[in-house]
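Heads up: the structure comes next, in structure tokens.
Just so it is clear, none of the values below were taken in a lab; they were calculated from the coordinates. It should be emphasised that the depicted structure is a prediction, and the values quoted were computed from it without experimental measurement. Reconstructed Cβ throughout: ideal geometry from the backbone, glycine too, with neighbour counts over all protein chains shown.
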Amino acid sequence: MRFNRRFTPKRSPRKIFPVATILIIDDDPHIRRMLREALESEGYTVLESTNGVEGVESYRSRPVDLLICDLLMPEKSGITMIRELIQDFPNLRFITMSGFTGTLGFTSLEFTKNIGAQWTLPKPFELEEMLAAVRGVLSQAETQTISCS
């Protein structure tokens with residue numbers, strides 16, 4: 001992974017958004033830790049799950065503002081998990097990430113975009129790319145909330 005270990009957080013989400021809660025679902029503990037540290041340094045509340053089964057249970061017990069998940073995980077894939085959650089939570093906001101590239105010209109990330117992913121990131125990615133995605137999805141959610149009020 002090409003994660004910038006000299007990451008310097010840009011403070012401000014608290015000025016723009018209320019504190020958002022984000023659930024990270026990935027079987028790689030290093031990715032979860034790096035994402036957690038970066039997101040918490042930006043002021044977000046972060047929860048973690050290690051696979052799709054835990055992710056579904058965690059989301060059902062405590063829906064969050066944003067879900068970030070890997071697509072290839074043991075026990076239940078990210079795609080299966082997302083499809084299951086969308087049935088009960090049609091307004092689910094999620095970002096998908098994956099290092100897998102399809103051989104038929106249609107990647108798993110493209111598929112998740114078609115079923116509602118607000119943002120997709122191929123691995124490896126820079127932490128600032130993920131933070132920009134998070135800010136983008138949450139600002140989009142805030143705009144939709146304001147428009148509906």
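General observations
- Applying the Karplus relation 6.51 cos²θ - 1.76 cosθ + 1.60 with θ = phi - 60° to the stretch 39-44 yields 3J(HN,Hα) values of 5, 5, 5, 8, x, 7 Hz, where x marks Gly and Pro.
- Built amide H within the under 5 Å cut-off of Glu48, gap 5+: Ile24
- Relative contact order of the stretch 54-136: 26 percent, from C-alpha pairs under 8 Å at least 6 residues apart in sequence.
- Environment charge at Gly99 (Cβ cut-off 10 Å; Lys +1, Arg +1, Asp -1, Glu -1): -1
- Where the alpha-carbon atoms of the stretch 13-148 are placed on the principal axes, they occupy 42, 32, 30 Å, in descending order.
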